[in-house]
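Report on the structure given below.
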Amino acid sequence: MDKIQILDLGGSIVAPEVIDTKFLQEMRDFLQAWLEEDKERKLILIIGGGAPARKYQAAYKGTEADPATEELDWIGIMATRLNAQLMKAVMGPLCLDDVVTDPTKVKSMKGRVLVAAGWKPGFSTDYDAVLLAENFKAPTILNLSNIKKVYSADPNLDSSAVPLDSLSWEEYQRMCGHTWTPGKNTPFDPIATQKARDLGLKVIAADGRDLANLKNIFYGHEYTGTLIGPE
Ligand SMILES: Nc1ncnc2c1ncn2[C@@H]1O[C@H](COP(=O)(O)OP(=O)(O)O)[C@@H](O)[C@H]1O
Ligand SMILES: O=c1ccn([C@@H]2O[C@H](COP(=O)(O)OP(=O)(O)O)[C@@H](O)[C@H]2O)c(=O)[nH]1
């Protein structure tokens with residue numbers, strides 16, 4: 001496991017319809033224990049918009065026949081910032097920096113944990129995670145959301161979709177496309193995908209609520225999830 005770990009935490013994990021405070025506490029305890037084992041370890045947590053983003057975007061969409069894409073993104077960004085502020089508080093003294101809102105400006109951290117939120121319209125927090133991985137020279141992003149694996153198609157729309165253990169960036173792009181729409185539901189967003197591919201990064205997509213599985217990933221044991229890239 002790398003000394004610096006980039007956790008791209010989907011909003012569905014941090015802020016689902018009802019926030020699961022016990023889960024947040026358990027996740028904090030697990031991450032804290034991992035950090036305590038080695039003084040050189042660090043964590044960057046990038047937090048998605050979750051239910052508040054979708055709820056507020058839906059409210060705005062309800063008022064407009066043709067809602068502005070940028071407004072939808074800004075609403076989503078503000079939700080990521082609220083969720084990130086919550087995560088920063090949950091991490092307590094491990095996190096000494098303010099929540100990051102421009103990933104291009106940050107190249108170091110004071111604490112053991114850095115928490116980041118959305119930056120500007122045009123992509124999701126997956127892209128912000130890629131920019132932070134680039135700045136901190138981390139080769140892998142752990143993308144944690146509400147799915148156990150990436151499937152051959154969206155399993156919620158296609159019942160014949162099969163789970164995949166690994167795939168290349170090219171295969172992933174063929175499946176999830178190249179264009180961005182606010183609130184888009186894909187395991188990794190298309191803009192982030194192109195940048196991750198260009199940088200030769202790896203992404204492990206896994207279920208963020210399964211802490212036993214997360215432990216397996218952190219400690220290099222066999223895990224349930226999908227490896228995308230690096231080719
Ligand atoms: N090929 C695919 N494999 C798995 N899930 C997919 C795929 N394509 C689309 N999805 C959708 O992506 C969703 C996960 O993305 P998202 O809801 O944005 O997660 P998060 O909010 O946790 O980042 C799944 O619930 C699923 O509906
Ligand atoms: O840098 C960013 C991050 C987020 N968003 C917007 O905020 C929404 C919620 O963020 P994200 O998709 O990362 O949250 P998640 O789907 O993981 O809950 C996105 O759909 C975008 O509309 C954005 O425009 N720029």
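The values are calculated or read from the model by the stated rules, or taken from the named source; none is laboratory data. Everything numeric here is computed off the predicted structure, so don't read it as measured data. We work out accessible area using only protein heavy atoms, side chains counted, and drop any ligands, DNA or RNA first. Shrake-Rupley method; radii C 1.70, N 1.55, O 1.52, S 1.80 Å.
For this structure, a couple of remarks:
- Residues whose amide H falls under 5 Å from that of VAL150, counting only those 5 or more places apart or on a different chain, are LEU164, THR226, with hydrogens built in the peptide plane.
- Whole-number percent relative contact order across the chain, with pairs defined as alpha carbons under 8 Å at least 6 apart: 22 percent
- Over 28 Å between alpha carbons, listed pairs LYS22/LYS107; LYS3/LYS184; LYS22/LYS137; LYS105/LYS215; LYS110/LYS215: LYS22/LYS107; LYS3/LYS184; LYS22/LYS137; LYS105/LYS215
- Proximal aspartates and glutamates to LYS88, defined as alpha-carbon separation beneath 12 angstrom and excluding residues fewer than eight positions away on the same chain: ASP97, ASP98
- HN-Hα J in Hz across region 60-65 - Karplus 6.51, -1.76, 1.60, θ = phi - 60°, x for Gly and Pro: 5, 4, x, 9, 9, 5
- Computed from backbone phi with θ = phi - 60° and the Karplus coefficients 6.51, -1.76 and 1.60, the 3J(HN,Hα) list for region 105-121 is 8, 10, 10, 8, 9, 7, x, 8, 10, 10, 10, 10, 10, x, 10, 9, x Hz; x is used for glycine and proline.
- Shape of region 1-52, Cα gyration tensor, a/c cut at 1.5: oblate
- Exposure of ASP210 as accessible area (Å², to 10), given a probe of 1.4 Å and all protein chains: 50 Å²
- Amide H partners (placed H, <5 Å) of GLY118, local residues excluded: THR80, ARG81
- For the set VAL106, VAL162, the ranking by accessible area, highest first and with no ligand, DNA or RNA atoms included, is VAL162, VAL106 under a 1.4 Å probe.
- Helix-only [θ]222 nm of the chain, DSSP H runs n ≥ 4, -39500 (n - 2.57) each, per residue, nearest 500: -12000 deg cm²/dmol
- Overall form of the chain per C-alpha gyration tensor (a/c, 1.5; a/b vs b/c): rounded
- Accessible-area order (highest first, 1.4 angstrom probe) of the listed residues TYR172, TYR219: TYR219, TYR172
- Protein heavy-atom accessible surface, 1.4 Å probe, per residue over region 130-199: 51 Å².
- Measuring only protein heavy atoms, the 1.4 Å probe finds ASP98 accessible over about 120 Å².
- With Cα atoms defining each centre, region 60-110 and region 123-198 are spaced 19 Å apart in the structure.
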